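Q: Next up is a structure, given as structure tokens.
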Amino acid sequence: MNVKHRNNVTILGEGGQTVLFAHGFGCDQSMWRLVAPHFVDHAKVALFDHVGAGASDVGAYDQDKYAGLEGYATDVIEICETQGLRDVVFVGHSVSAMIGVLAAGRRPDLFSRLVLIGASPRFANDGDYFGGFDEADLEDLLELLAKNQMDWSGAIAPAVVADDAFQDEWRASVCRIDPDVAKDFARATFLSDHRADCGKVVTPTLLIERSEDTLAPPQVGAFVHAAIPGSRRVVLEAAGHSPHLTAPGAVVEAMRAFLDDARASRH
């Protein structure tokens, strides 16, 4: 398997350190266009599409492999290995935040930093844990997606991207995904529980979130911050789940401060 072709890997710039961007559900690597270019002058920037998204090789989709997020984490590790990426700063949005947690947990030697945007280890409420959704509500959402991808994208778009200017783009991106792939990835995303994996992270981590986020509310951010030892938490005062689209300057500023501190600590 040609991993670069499978995941439509794009590498820009040069440098010993790599910043690897991983998109969220319904998206592809183009969603990083307002953030990634800011790092090209000082690092190698790598972008990719999860199998089934964007210009990835949908023929590589394996339902058993991708039934859970572990299969996607395996792909991230393979991208790093086959493309010779080391000292990787992994930047993951939404579901890819947990994919990064899993990949770094398995291969901490590959990753120097994690930047997790809108991270949620579990979307369903569970006892004292508030994930934002009752399990029945999640099942209803998944049922709607299975019936009509367009209607589902319309229903959830305002939560994903609060800014109207980007909602049509996100909906179009969702509707380009093969329906069977979208259905499987959604179940892996919304029904997974990776709370325990957060506590296993040893990689220095930055959490970026919004103060009003239906998909990853502040209680979830507080849980992840407490669960990942030594993590740094930045809360942007705005609504929505995609600050890399609607507040890219603030995301770049938070990332640069985090990476600058890391460089300073090495000297």
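The values are calculated or read from the model by the stated rules, or taken from the named source; none is laboratory data. Predicted model only: the values in this text are computed from it and were never measured. A quick note on method: Cβ atoms are made from the backbone with ideal geometry, for glycine too, and the neighbour counts reach across all protein chains shown.
Q: Looking only at region 41-77, which residues are β-branched (Val, Ile, Thr) and farther than 28 Å from Asp168 by Cβ? Working first, answer last.
A: Quick first cut of region 41-77, residues β-branched (Val, Ile, Thr) only: 45, 51, 58, 74, 76-77.
Scanning region 41-77 gives Thr74, Val76, Ile77.
Q: Which of the residues belonging to region 7-27 are touching a residue at least 40 places away in the same chain (Cβ under 8 Å), surrounded by fewer than 21 Cβ atoms within 10 Å (Cβ to Cβ) and closer than 30 Å to Pro179 by Cβ? First the steps, then the outcome.
A: Applying the first criterion (touching a residue at least 40 places away in the same chain (Cβ under 8 Å)) to region 7-27 yields 7-9, 11, 16-27.
Cutting the leftovers down to surrounded by fewer than 21 Cβ atoms within 10 Å (Cβ to Cβ) gives us 8-9, 11, 16-17.
If the condition is that a residue be touching a residue at least 40 places away in the same chain (Cβ under 8 Å), surrounded by fewer than 21 Cβ atoms within 10 Å (Cβ to Cβ) and closer than 30 Å to Pro179 by Cβ, then Asn8, Val9 are the ones that fit.
Q: Would you say Thr203 is assigned to a loop (DSSP other than H, G, I, E, B), closer than 24 Å to Gly68 by Cβ and touching a residue at least 24 places away in the same chain (Cβ under 8 Å)?
A: yes
Q: Still on this structure, I have one more. Please give the number of the condition Met98 fails out of (1) free of Cβ contacts under 8 Å to residues at least 60 places away in the same chain; (2) crowded, with 24+ Cβ neighbours inside 10 Å.
A: (1)
Q: Hey, another quick one. Can you list the helices (runs of 4 or more DSSP H) lying wholly within region 74-163 that have 1 or more residues being out of contact with any Ser or Thr (no Cβ under 7 Å at 6 or more places or on another chain) and under 28 Å from Ala257 (Cβ atoms)?
A: 95-106
Q: For region 217-243: of the residues being touching a residue at least 40 places away in the same chain (Cβ under 8 Å) and among the polar types (S, T, N, Q), which is surrounded by the most Cβ atoms within 10 Å (Cβ to Cβ)?
A: Ser242
Q: Among the residues in region 103-119, are any without any contact (Cβ under 8 Å) to a residue 12 or more places away in the chain, surrounded by fewer than 22 Cβ atoms within 10 Å (Cβ to Cβ), acidic (Asp, Glu) and under 18 Å from Phe25 (Cα atoms)?
A: no
Q: Considering region 69-95 alone, what residues qualify as being over 14 Å from Arg106 (Cβ atoms) and crowded, with 21+ Cβ neighbours inside 10 Å? Don't jump to the end; show me each part of the working.
A: Filtering region 69-95 down to residues over 14 Å from Arg106 (Cβ atoms) leaves 82-87, 89, 91-95.
Those that are over 14 Å from Arg106 (Cβ atoms) and crowded, with 21+ Cβ neighbours inside 10 Å: Leu85, Val89, Val91, Gly92, His93, Ser94, Val95.
Q: Oh, and also: Are any residues in region 53-68 surrounded by 21 or more Cβ atoms within 10 Å (Cβ to Cβ) and under 14 Å from Arg187 (Cβ atoms), and if so, which ones?
A: Passing the criteria: only Tyr66.
Q: Also, I was wondering about something else. Picking from Thr246, Thr214, which residue would you name as being β-branched (Val, Ile, Thr), surrounded by fewer than 17 Cβ atoms within 10 Å (Cβ to Cβ), on the phi < 0 side of the Ramachandran plot and touching a residue at least 12 places away in the same chain (Cβ under 8 Å)?
A: Only one candidate qualifies: Thr214.
Q: Something else now. For region 234-267, enumerate the residues that are β-branched (Val, Ile, Thr) and either modelled with pLDDT under 95 or within 19 Å of Ala43 (Cα to Cα) (or both).
A: Thr246, Val251, Val252
Q: Let me ask you something else. I'd like to check something: does region 183-196 contain any residue that is free of Cβ contacts under 8 Å to residues at least 60 places away in the same chain, assigned to a helix (DSSP H, G or I), over 17 Å from the mean Cα position of the chain (by Cα) and closer than 30 Å to Lys147 by Cβ?
A: So far as region 183-196 goes, yes, one or more of its residues are free of Cβ contacts under 8 Å to residues at least 60 places away in the same chain, assigned to a helix (DSSP H, G or I), over 17 Å from the mean Cα position of the chain (by Cα) and closer than 30 Å to Lys147 by Cβ.
Q: The conditions are (1) in a helix (DSSP H, G or I); (2) within 17 Å of the chain's Cα centre (by Cα), and Asp168 fails exactly one of them. Which is it?
A: Answer for Asp168: the failing condition is (2).
Q: Here's something else I'd like to know. Give me a count of the residues in region 70-88 that are touching a Phe, Trp or Tyr at 6+ places or on another chain (Cβ under 9 Å), modelled with pLDDT of 95 or more and either of a type in the set (D, E, K, R) or under 23 Å from Asp213 (Cβ atoms) (or both).
A: Residues that pass the stated criteria total 2.
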